[in-house]
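Here's the structure, in structure tokens; my notes come after.
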Amino acid sequence: MSQKLRDRIARYTNLDAPVGFEEPVLKAAREELAACCDRVEVDLRGNLYAFQTGTDEHAPLIMITAHADEIGFMVTSILENGFLRFTKLGYPTDTVLPGQRVRVLADGDVAEGVIGVKPAHILSADEARQVPALSNLYIDIGATSAEEVASWGIEAGTPVTFVGELIQTRNEHRCFGKCVDNRAGIVALLEIAEQLHENPCAASVAYVVAVEEEIGLRGAEVAAQHVKPDVLFVLDTVPSGGTPDLRPDELPWDIGKGALLKVREVKGLSTQRPLRDLVRQVAEEAGIPYQWIVDTAGITDATSAQQASGDIAAMVIGIARRYAHSAVEMFDLRDVQAQIDLTVAAIARITSVDQLRRL
Ligand SMILES: [Zn+2]
């Protein structure tokens with residue numbers, strides 16, 4: 001089971017789909033959702049929707065969303081000697097950029113490259129202690145002139161991604177690679193859709209593969225207004241604690257300890273009590289491992305979707321991953337399985353909007 005799930009996540013992390021260039025993920029997901037949903041459509045923004053009709057027309061409409069995009073970069077200018085200046089798409093972690101392998105996504109053939117790194121031999125003591133400014137960094141794709149770069153189809157506006165295929169550790173449950181955020185969530189969404197196709201529930205479900213999360217939670221905002229669900233579950237990753245560089249109270253959750261039930265994002269999401277209680281009760285009864293968390297730093301599409309759509313009960317069912325927004329995000333497959341199992345069980349339990357009323 002674990003290996004099948006890992007291979008599916010590996011297939012999706014191998015796709016390069018930075019913010020605004022999500023087509024490879026959208027196309028792959030559309031094909032898989034069309035096989036298990038009644039209807040599939042795409043909006044102008046790029047969001048992909050797939051709908052399953054439930055067995056009870058009076059039951060709530062539930063939206064499940066995972067974002068397709070990944071953090072990356074964009075070429076801003078080309079230097080005469082063939083190096084590329086660039087900006088960030090989303091928020092890659094600055095400290096990991098020098099020396100990083102990247103892929104420049106020119107139309108047609110991609111160009112492999114590296115973000116240049118000044119040799120330790122000639123760094124001043126001051127420089128050695130500092131993170132270089134983005135404006136001083138550059139990408140080297142082996143070109144020798146601006147003309148050569150242009151002939152390879154690369155220009156200002158060309159997107160760039162990290163390179164980082166999914167690697168299995170000696171621990172059979174743990175892997176690391178690029179864009180685990182949020183291809184793990186995309187795969188969870190697909191698995192949930194397939195399970196509910198096999199065993200339909202009362203509620204109707206709208207699956208949304210959302211675009212442009214990493215640059216401001218934008219796609220889901222549009223999608224929530226389009227779907228107008230009663231209930232929203234967001235499948236996403238959350239930076240993990242549990243490493244030696246974090247105090248235990250900074251991010252008091254870890255990989256391998258179950259799905260994350262996030263009930264509050266300080267910049268937005270507020271999960272109302274009946275939904276909190278329902279999902280927790282489902283997890284307890286089914287014996288699905290979970291960690292109950294309040295996020296004081298990060299936000300997800302749950303925040304923008306809840307604010308955009310208004311009258312909506314929303315919750316994040318996520319997973320923790322270490323080394324967020326680097327090319328080596330590490331996670332535990334058992335957490336993804338718990339995320340899938342818990343979401344399916346919670347959806348099956350929701351049969352009426354009245355279950356979720358606060359008064
Ligand atoms: Zn994410």
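Details
- For region 197-257, a/c is not less than 1.5, where a ≥ b ≥ c are the root eigenvalues of the C-alpha gyration tensor, and a/b does not top b/c. That puts it in the oblate class.
- If you sort the three axes of the alpha carbon gyration tensor as a ≥ b ≥ c, you get a/c of 1.5 or more for region 222-328 and a/b no higher than b/c, which makes it oblate.
- Dividing the summed helix terms, -39500 (n - 2.57) for each DSSP H run of n ≥ 4, by the number of residues in the chain produces a 222 nm estimate of -9000 deg cm²/dmol to the nearest 500.
- Rounded to 0.05, the FRET efficiency of the Asp245 and Thr76 pair, given R0 = 25 Å and the Cβ-Cβ distance, is 0.20.
- About the centre of its Cα atoms, the chain shows a dipole size close to 860 debye [charges on the beta carbon of Lys, Arg (+1) and Asp, Glu (-1) only; nearest 20 debye].
- Pair-distance profile P(r), taking every C-alpha pair of the chain, with 20 angstrom steps and integer %: 30, 55, 15, 1
- Normalising the average separation of contacting C-alpha pairs (under 8 angstrom, six or more residues apart) by the number of residues puts the relative contact order of the chain at 23 percent.
- Long-range tail of P(r) for region 64-161 (Cα pairs > 20 Å, %): 39 percent
- Residues Ile122 and Gln225, FRET efficiency given R0 of 35 Å [Cβ-Cβ distance, rounded to 0.05]: 0.05
- Volume of the convex hull of region 75-124 (Cα atoms only), normalised per residue: 117 Å³.
- Two-site FRET efficiency, Val131 against His58, from Cβ-Cβ distance with R₀ of 56 Å, rounded to 0.05: 0.50
- Contact order for region 72-162, expressed relative to its length and based on alpha carbon pairs under 8 Å spaced 6+ residues apart, stands at 46 percent.
- Percent breakdown of C-alpha pair distances by 10 Å bin, ordered from the shortest bin, for region 147-230: 12, 27, 30, 22, 7, 1, 0
- Positive-end residue of Thr158, Gly185, Ala348, charge dipole of the chain with Cβ unit charges: Ala348
- Subtracting the Cα-Cα distance of Arg101 and Asp311 from 0.36 nm times their residue separation leaves 71.2 nm of extension gain.
- With a simple spin-label model that places each label point 7 Å from the Cα along the Cα-to-Cβ direction, the separation between Ser352 and Glu31 comes to 4.4 nm.
- Long-range Cα-Cα pairs in region 279-329 (distance over 16 Å), rounded percent: 58 percent
- Principal axis extents of the Cα atoms in region 1-87, from largest to smallest and rounded to whole angstrom, are 64, 35, 18.
- Residue-wise HN-Hα coupling along region 231-243, computed from phi with Karplus coefficients 6.51, -1.76, 1.60 (Hz; x: Gly, Pro): 10, 10, 10, 9, 9, 8, 9, 9, x, 9, x, x, 9
- If only the Cβ of Lys and Arg carry +1 and only the Cβ of Asp and Glu carry -1, the dipole of region 72-162 around its Cα centre is close to 380 debye.
- Remark: region 312-356 projects, on average over all directions, an area of 4.1 nm² (convex hull of Cα atoms).
Bear in mind these aren't lab numbers, they're just calculated from the coordinates by the rules spelled out. In this text the structure is predicted, and so the values were computed from the model without any measurement. When we count neighbours, we look across all protein chains shown, and the Cβ atoms used for this are built from the backbone with ideal geometry, even at glycine.
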